[in-house]
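Some notes on the structure that comes next.
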Amino acid sequence: METISCVIPSSCTDTLRGLTAPCKRLEVKVEGIVQGVGFRPFVHGLANRYGLGGSVRNDADGVKIEVEGAVDDLDRFIALLRTEAPPLAVIVNLEVRELERRKEGAFSIDASRSGTARSTPISPDVATCDECLREMLDPSERRFLYPFINCTNCGPRYTIVEDVPYDRARTTMSSFDMCEACEREYHDPADRRFHAQPVACPRCGPRLAVLDSGGSPLSGDPIATTARLLLRENVVAIKGLGGFHLAADARNEAAVAALRARKHREEKPFALMVSCLEDARALVEMSPSEERLLAGARRPIVLLQRRDGADVAPSVAPGCRYLGVMLPYTPVHHLLARALGAPIVLTSGNVTDEPIAYLDAEARARLSGIADAFLTHDRPIHVRSDDSVFRVFDDAPLPLRRARGYAPQPIVLSERLPRHVLACGAELKNTICVAKGRFAYLSHHIGDLENYESYRSFLDALAHLCRLFDVEPQIIAHDLHPEYLSTQWALEQRGVELVGVQHHHAHVVACLADNQEAGPAIGVVYDGLGYGSDGTFWGGEFLVADRRTFERIGHWSPVPMPGGGAAIREPWRMAAAHLDQAFEGRPPALPVSERHPKTWEKVVGVARRAKLSPLTSSVGRLFDAVAALAGVRDVNVYEGQAAIELEQRACTRSSGSYPIDLVVAPRGFTLPSSEVVRAVVRDVEGRVDPSLISARFHDTMARATVLGCAAARAATGLELVALSGGVFQNLRLLRTTVDGLAASGFRVLVHRQVPPNDGGISLGQAVVAASAAAG
């Protein structure tokens, strides 16, 4: 059981202990993830253990308990609500007040009540539990090999919920009438399927089917048929919890290469599913904390160090030292992994840059040109949700994409918001956030708002979250960038207060809220770029910020981006701009310029024209430039590729760093990237190995960050640092920076619940907007 900031006022327990009467009746209100997780039968059993009377029911705010009995027993009952709650329960707040006694001897579970206010959190989708897995593999059980087995402790949740309170009639299971056996389990408080809304069995529940690419059924057992198709080099679309995946035999180069070609995904690594931890250990190296995350109930994709000789096709993750690995999280996945006996490529069911397909007809229309067959089922998905992606830092999860298994679990805020807020997020890695009271609910990962399908997914998520949590936005927060689709949507709304939030301020506040801190703090934000208050594109920022305001106290020196967006796709352009600036128009001849002889001078000319080359302080673009200078990568096939490969090339040994110092000015300090670029050029001219150049560059960036924070501390007295932005997904940089800051006496915050990239922006926007409106 997870407890987040569980607040029981001291007056509650003091009242219990100070009562003189032997018996009392209490009302207990429990807020948090307490519906659909076995909380009511747990309360029923706990009350019976101590001979207490009363009742428990779900309501729109959580769970409401009325309980009476001896004071000592009530005291124990309240304490054990927190310490013995079901494993999926998340208690956020618990309130107790005294009622008039009814002398009620029995304890019952009452029907849910719908109310005008709906604010109870919904559990994320949860991986198949060990009990269900054992039952599914037991030939004596009636659910033997049933691919939709679940109980109160596992199974679909968020992706099937249509409304609250969370009951079967308000889920996509409403069309499946329970058989007598399932009905008995559903109504038996002693059964682990008591009020498990997706409960089903082979007699009454969803069924699997295999279809060819034209939609015609294929005969035979669906799992065995799918395994045969995969072993014969076919690509199969598989319907999961939150949408369709595209699957291929991960050992078969022809199959994986075909999937790449059809999906138009040239080089970005594919995720893998393996049947168990032992199979994962054969492919990747794992620490105990990485194993715990991989095998936990949330089952994200975890990026792990690839073992030499890992038995996967070259096209799974070309040129990549890491593999994205996950374990089965549905019964279908467990059965298929066992039947295939090999790692499976399991990637989002879409064409690159589109959202994951989740409706049956949509999947057949969009994926029929990619998949040779479909493993599908007849349980509808109400909300699309892609797989979550994590790394591990300091033995704790570091989210890169927050979706299935995590959304929409709320972020608990340090203070209650006075008004309802909707935050629209950023353009890339979009999520939205609705916030009320002390809860901020982030959507699943929506993706990049660059096409109609993604924008429609944005609108669907917005409407669903507002309805699910009864949020009527009084404030809408948006990014300052006028061309973001999310910003344009916000500016079209009427009758609400609109609050524009600077991109990097939102990053810092997201990190603060992630850690339940109010600030102020020194915020260091390194990312690709964001619209700055001065009209340039920021991305290497030192801010002094709290939830309401910020001041830009320092930054990396701005450099032109030749051709704007073209410089993001082609890192060699950033190398040209940085060289031109660092050497004042007379850069030496280098391999990077020789690789682009026909266009190099033209791009340098573009960099010198302000109208064609906006200025940026972006550290992400500096990583791109160094990657091109070092010969690691000139062109990005997917977002951040050059920076990712530069990180992976860095050698692990201590390598020293390049010279760097602050340039102090009246309006704050500047870190001159030209110093770093000139030092990199000296190493390139000296034919230093790119792995050593990368290591030195990483260590320089960390040292420069510490220098910047020290300057900020000297000016403000602050010792709290919040690190945010997509560049801090880089574990080499994050590790060295955190260690350097800690050695200098700073207290450092990193992201733990929302991503440091733009996937966490909406949380920061919501908190900033609510705080600004309150002030």
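The values are calculated or read from the model by the stated rules, or taken from the named source; none is laboratory data. None of these values were measured; they are calculated from a predicted model. Ideal geometry is used to build each Cβ from the backbone, glycine not excepted, and the neighbour counts take in all protein chains shown. The protein model used for the area step is the full one, side chains on, heavy atoms only, and it has no ligands, DNA or RNA in it. Shrake-Rupley method; radii C 1.70, N 1.55, O 1.52, S 1.80 Å.
Scan (1) in contact with a strand residue (DSSP E or B) (Cβ under 6 Å, 6 or more places away or on another chain); (2) among the small types (Gly, Ala, Ser); (3) in a loop (DSSP other than H, G, I, E, B) for the single condition residue 275 breaks and write down its number.
For residue 275, the exception is condition (1).
Name the residue that is farthest from residue 204 (Cα to Cα), counting only residues in the stretch 392-401 that are open to solvent by less than 20 Å² (accessible area, probe 1.4 Å) and touching a Phe, Trp or Tyr at 6+ places or on another chain (Cβ under 9 Å).
Ranking the qualifying residues of the stretch 392-401, first place goes to 398.
Taking the options 435, 518, 513, name whichever one is closer than 29 Å to residue 708 by Cβ, open to solvent by less than 40 Å² (accessible area, probe 1.4 Å) and touching a helix residue (DSSP H, G or I) at 6+ places or on another chain (Cβ under 6 Å). Spell out the reasoning first.
Details: 435 fails: closer than 29 Å to residue 708 by Cβ; 518 fails: touching a helix residue (DSSP H, G or I) at 6+ places or on another chain (Cβ under 6 Å).
Result: 513 is the single residue among 435, 518, 513 that is closer than 29 Å to residue 708 by Cβ, open to solvent by less than 40 Å² (accessible area, probe 1.4 Å) and touching a helix residue (DSSP H, G or I) at 6+ places or on another chain (Cβ under 6 Å).
Can you say whether residue 479 is under 18 Å from residue 415 (Cα atoms) and at pLDDT 95 or above, as far as the supplied structure shows? Write out each step before concluding.
Details: under 18 Å from residue 415 (Cα atoms): no; at pLDDT 95 or above: yes.
Against the criterion (under 18 Å from residue 415 (Cα atoms) and at pLDDT 95 or above), residue 479 does not qualify.
How many residues, within the stretch 128-147, are in contact (Cβ under 8 Å) with a residue 60 or more places away in the chain and open to solvent by less than 10 Å² (accessible area, probe 1.4 Å)?
The qualifying residues number 2.
Can you list residue pairs whose Cβ atoms sit under 9 Å apart, with the first residue in the stretch 391-402 being over 14 Å from residue 326 (Cα atoms) and the second being among the aromatic types (Phe, Trp, Tyr) and in a loop (DSSP other than H, G, I, E, B)? Count only pairs 6 or more apart in sequence or on different chains.
Note: pairs meeting the criteria are 399/406.
Has the stretch 25-32 got at least one residue that is within 23 Å of residue 413 (Cα to Cα), at pLDDT below 85 and open to solvent by less than 10 Å² (accessible area, probe 1.4 Å)?
Looking only at the stretch 25-32, we keep the residues that are within 23 Å of residue 413 (Cα to Cα), and these are 28-32.
If we keep only those that are at pLDDT below 85 too, we end up with 32.
After this cut, where a residue has to be open to solvent by less than 10 Å² (accessible area, probe 1.4 Å) as well, the list is 32.
Yes; the residues of the stretch 25-32 include at least one that is within 23 Å of residue 413 (Cα to Cα), at pLDDT below 85 and open to solvent by less than 10 Å² (accessible area, probe 1.4 Å).
Can you tell me how many residues in the stretch 41-85 are of a type outside the set (D, E, K, R), in a loop (DSSP other than H, G, I, E, B) and under 18 Å from residue 167 (Cα atoms)?
Going residue by residue through the stretch 41-85, those that are of a type outside the set (D, E, K, R) are 41-48, 50-56, 58, 60, 62-63, 65, 67, 69-71, 74, 77-81, 83, 85.
So of that shortlist, the ones also in a loop (DSSP other than H, G, I, E, B) come out as 50-52, 60, 85.
If we keep only those that are under 18 Å from residue 167 (Cα atoms) as well, we get 60.
Adding up the residues that qualify gives 1.
Residue 770 passes all but one of (1) buried (at least 24 other Cβ atoms within 10 Å of the Cβ); (2) part of a helix (DSSP H, G or I); (3) modelled with pLDDT of 95 or more; which number fails?
(3)
Among the numbered criteria (1) under 17 Å from residue 641 (Cα atoms); (2) assigned to a strand (DSSP E or B); (3) of a type in the set (A, V, I, L, M, F, W, C), which one does residue 320 miss?
Just one mismatch for residue 320, condition (2).
Count, please, the residues in the stretch 727-742 that happen to be in contact with a Pro (Cβ under 9 Å, 6 or more places away or on another chain) and either open to solvent by 20 Å² or more (accessible area, probe 1.4 Å) or of a type in the set (Val, Ile, Thr) (or both).
Initially, the stretch 727-742 is screened for residues in contact with a Pro (Cβ under 9 Å, 6 or more places away or on another chain), giving 727-729, 734.
Still in the list and also either open to solvent by 20 Å² or more (accessible area, probe 1.4 Å) or of a type in the set (Val, Ile, Thr) (or both): 727, 729.
Going through the stretch 727-742 one residue at a time, the tally reaches 2.
Being closer than 19 Å to residue 374 by Cβ and open to solvent by 40 Å² or more (accessible area, probe 1.4 Å) narrows it down to one residue among 177, 221; which is it? Quick ask: steps written out before the conclusion?
Numbers: 177 fails: closer than 19 Å to residue 374 by Cβ.
Of the residues listed, the single one that is closer than 19 Å to residue 374 by Cβ and open to solvent by 40 Å² or more (accessible area, probe 1.4 Å) is 221.
Farther than 27 Å from residue 60 by Cβ and surrounded by fewer than 20 Cβ atoms within 10 Å (Cβ to Cβ) - does that describe any residue in the stretch 148-162? If you could, list the steps in order and put the result at the bottom.
Our first condition is that a residue be farther than 27 Å from residue 60 by Cβ; within the stretch 148-162, this holds for 148-149.
Now restrict to residues that are surrounded by fewer than 20 Cβ atoms within 10 Å (Cβ to Cβ): none.
Checking the stretch 148-162: not a single residue is farther than 27 Å from residue 60 by Cβ and surrounded by fewer than 20 Cβ atoms within 10 Å (Cβ to Cβ).
If you go through the stretch 46-61 one residue at a time, how many are closer than 19 Å to residue 189 by Cβ and open to solvent by less than 10 Å² (accessible area, probe 1.4 Å)?
Going through the stretch 46-61, the residues closer than 19 Å to residue 189 by Cβ turn out to be 46-59.
With open to solvent by less than 10 Å² (accessible area, probe 1.4 Å) added as a condition, the list becomes 46-47, 52-54, 56, 58.
The qualifying residues number 7.
In the stretch 333-362, what residues are over 23 Å from the mean Cα position of the chain (by Cα), under 30 Å from residue 461 (Cα atoms), in contact (Cβ under 8 Å) with a residue 24 or more places away in the chain and surrounded by fewer than 23 Cβ atoms within 10 Å (Cβ to Cβ)?
360
Which residue is nearest to residue 643 (Cα to Cα), if the candidates are limited to the stretch 585-615 and must be in contact with a Pro (Cβ under 6 Å, 6 or more places away or on another chain) and β-branched (Val, Ile, Thr)? Outline the logic, then answer.
First, pick out the residues of the stretch 585-615 that are in contact with a Pro (Cβ under 6 Å, 6 or more places away or on another chain): 603, 606-607, 613, 615.
Then keep just the ones that are β-branched (Val, Ile, Thr); that gives 603, 606.
Values: 603: 21, 606: 23 Å.
Once the filter is applied, the top-ranked residue is 603.
For residues that are in contact (Cβ under 8 Å) with a residue 60 or more places away in the chain and of a type in the set (D, E, K, R), scanning just the stretch 363-373, find the one that is most open to solvent (accessible area, probe 1.4 Å).
364
Which of (1) surrounded by fewer than 15 Cβ atoms within 10 Å (Cβ to Cβ); (2) at pLDDT 85 or above is the odd one out, the single condition residue 18 does not satisfy?
(2)
Please work out which residue is farthest from residue 529 (Cα to Cα), limiting yourself to the stretch 466-517 and to residues that are small (Gly, Ala, Ser) and free of Cβ contacts under 8 Å to residues at least 40 places away in the same chain.
Keep residues of the stretch 466-517 that are small (Gly, Ala, Ser), which gives 477, 486, 490, 495, 500, 506, 510, 513.
Still in the running and free of Cβ contacts under 8 Å to residues at least 40 places away in the same chain: 495, 500.
Details: 495: 31, 500: 17 Å.
So the residue we want is 495.
If you go through the stretch 585-601, how many residues are surrounded by 12 or more Cβ atoms within 10 Å (Cβ to Cβ) and in a helix (DSSP H, G or I)?
Selection size over the stretch 585-601: 5.
Within the stretch 549-584, which residues are in a loop (DSSP other than H, G, I, E, B) and farther than 28 Å from residue 708 by Cβ? Full working, then the answer.
Going residue by residue through the stretch 549-584, those that are in a loop (DSSP other than H, G, I, E, B) are 549, 557-558, 561-564, 570, 583-584.
Passing the criteria: 563, 570.
Of all helices (runs of 4 or more DSSP H) completely enclosed by the stretch 609-726, which ones contain at least 3 residues that are over 30 Å from residue 265 (Cβ atoms) and either open to solvent by 20 Å² or more (accessible area, probe 1.4 Å) or of a type in the set (A, V, I, L, M, F, W, C) (or both)? Give the derivation first.
Working: elements: 619-629, 641-649, 673-685, 690-716.
In the stretch 609-726, 673-685, 690-716 are the helices (runs of 4 or more DSSP H) which contain 3 or more residues that are over 30 Å from residue 265 (Cβ atoms) and either open to solvent by 20 Å² or more (accessible area, probe 1.4 Å) or of a type in the set (A, V, I, L, M, F, W, C) (or both).
List the pairs whose first member sits in the stretch 683-696 and is within 10 Å of residue 655 (Cβ to Cβ) and among the polar types (S, T, N, Q), whose second member is at pLDDT below 95 and open to solvent by less than 20 Å² (accessible area, probe 1.4 Å), and whose Cβ atoms are under 7 Å apart, counting only residues at least 6 apart or on separate chains?
691/650; 691/651; 694/650
Cβ contacts < 6 Å: first residue under 18 Å from residue 758 (Cβ atoms), restricted to the stretch 449-465; second residue open to solvent by 40 Å² or more (accessible area, probe 1.4 Å) and hydroxyl-bearing (Ser, Thr, Tyr), any location; separation 6+ or different chain. Result?
From the stretch 449-465, the pairs are 449/455.
Would you check if residue 637 is over 20 Å from residue 539 (Cα atoms) and modelled with pLDDT of 90 or more? Spell out the reasoning first.
Values: over 20 Å from residue 539 (Cα atoms): yes; modelled with pLDDT of 90 or more: yes.
Here the answer is yes, as residue 637 does meet what is asked.
Sort out which residues of the stretch 199-217 are at pLDDT 95 or above and part of a loop (DSSP other than H, G, I, E, B), and write them in order of number.
Of everything in the stretch 199-217, those that are at pLDDT 95 or above and part of a loop (DSSP other than H, G, I, E, B) turn out to be 199, 200, 201, 202, 203, 204, 205, 206, 207.
Take the residues of the stretch 463-485 that are in a helix (DSSP H, G or I) and either over 15 Å from residue 763 (Cβ atoms) or not aliphatic (A, V, I, L, M) (or both): which is most open to solvent (accessible area, probe 1.4 Å)?
The initial filter retains those residues of the stretch 463-485 that are in a helix (DSSP H, G or I), namely 463-468, 485.
Next, from what is left, pick out any that are either over 15 Å from residue 763 (Cβ atoms) or not aliphatic (A, V, I, L, M) (or both): 463-464, 466-468, 485.
Details: 463: 50, 464: 11, 466: 20, 467: 92, 468: 1, 485: 52 Å².
Looking at the filtered set, the residue picked out is 467.
Quick grid of which residues meet (1) open to solvent by 30 Å² or more (accessible area, probe 1.4 Å); (2) small (Gly, Ala, Ser):
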{"residue": "196", "(1), (2)": "no, yes"}
{"residue": "206", "(1), (2)": "no, no"}
{"residue": "231", "(1), (2)": "yes, no"}
{"residue": "238", "(1), (2)": "no, no"}
{"residue": "253", "(1), (2)": "yes, no"}
